[in-house]
Amino acid sequence: MKILSSICVFCGSSFGADPIFQEKAESLGKLLAEEKITLVYGGSHLGLMGVIADAVMKYGGNVNGVITTLLHEKGISHKNLTDLKVMENMNDRKAMMINMSDAFIAMPGGYGTLDEITEVLSLNQLSIIDKPCGLLNIKDFFNDYIKQLDHTVKEKLLRPEHRNMLVVDSEERGLLEKMRGYVRVDIGKWY
C-alpha cells in the first residue's frame, strides 16, 4: 500500500457547467482533510481550484498552493492557504507541485489540467518519478481522454502497461484506494 501524505489535484479555474463538479471538489477536499492528506494545487481562489482548497481547510486539512508570479500579480492567489509558493514561470510551478506531491488526481478542467496530468503520466512512464496518477471521472468527463489513450495503445504508440498506470474512478474514495494500491510499471518505454 502506497502511503499518500500529499496529493496534487489538477482541476479547472472555472466551475464548469454542472454543479456536480463543485460538489465533488468539496467532497474530495473533505476526504483529503479527513485522511490527513495535504492538498497541493495551483494556488488560485477561482473555480474548482478554490472550491477544493476551501473544502480542505474547512475540514481542518492543510493546503499548499503553487502559483506563478504573473498569476499572483493578477490577484488570483488564494489568501488563506497553509502555504503559498510563488514561482517564476509555469515550468517551475509544475516542477514544484510534482516535487511536493506523493500522487496526482485530475478533476474536470481545461488545457492546464490535461497538460499537467499528461506530464506526470509521461514522467512515470520514463521512470523519472514513481507516483500514482488518477482521474476523478465525474459524469464521464474524461471518457474521451481515456478513449484516446486506448486508441494510442491500439496504434502501438503506447504500451498497455503504461496505459494502465492511470487509475480511474467516478468516486473519490474509490479512486484514493486504487491509488494506494498503485504498483510501478518498470518495463521501459519502447516496444
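FYI, it's all coordinate maths here, none of it is from the lab. Note that the structure is a prediction, hence the values are computed from the model and not measured. Using ideal geometry, Cβ is built from the backbone for each residue, glycine included, and neighbour counts are taken over all protein chains shown.
Against the chain, whose longest principal axis comes from its Cα atoms, helix 111-125 is set at around 50 degrees. Straight-line reach from Lys85: taking Cα to Cα under 18 Å and skipping same-chain neighbours fewer than 8 places apart, the lysines in range are Lys74, Lys94.
Only Lys, Arg, Asp and Glu carry charge here, each on its Cβ (+1 for the first two, -1 for the last two); on that basis segment 6-179 has a dipole of about 100 debye about its Cα centre. Summary of the geometry: segment 33-54 and segment 106-131, compared by the centres of their Cα atoms, lie 18 Å apart.
For the options Asp144, Asp102, Asp169, a Gaussian network treatment of the chain with springs between C-alpha atoms closer than 10 Å singles out Asp144 as fluctuating the most.
Taking a straight Cα-Cα cut-off under 19 Å and skipping sequence neighbours fewer than 8 places away in the same chain, the aspartates and glutamates within cross-link reach of Lys30 are Asp54, Asp83, Asp102, Asp169, Glu171, Glu172, Glu177. Across the chain, C-alpha contacts under 8 Å between residues 6 or more apart give a mean separation that, scaled by the residue count, equals a relative contact order of 22 percent. With 19 Å as the limit on Cα-Cα distance, the pairs of Lys2/Lys139; Lys79/Lys139; Lys131/Lys178; Lys58/Lys178 that go past it are Lys2/Lys139; Lys79/Lys139; Lys58/Lys178.
Summarising the amide proton neighbourhood of Thr38: residues at separation of 5 or more, or on other chains, whose placed amide H is nearer than 5 Å comprise Ser6, Ile7.
The sum of -39500 (n - 2.57) across all DSSP H runs of n ≥ 4, divided by the residue count of the chain, sets its helix-only mean residue ellipticity at 222 nm to -13000 deg cm²/dmol. When the chain is treated as a Gaussian network with alpha carbon springs shorter than 10 Å, the biggest mean-square fluctuation among Gln22, Gln125, Gln148 belongs to Gln148.
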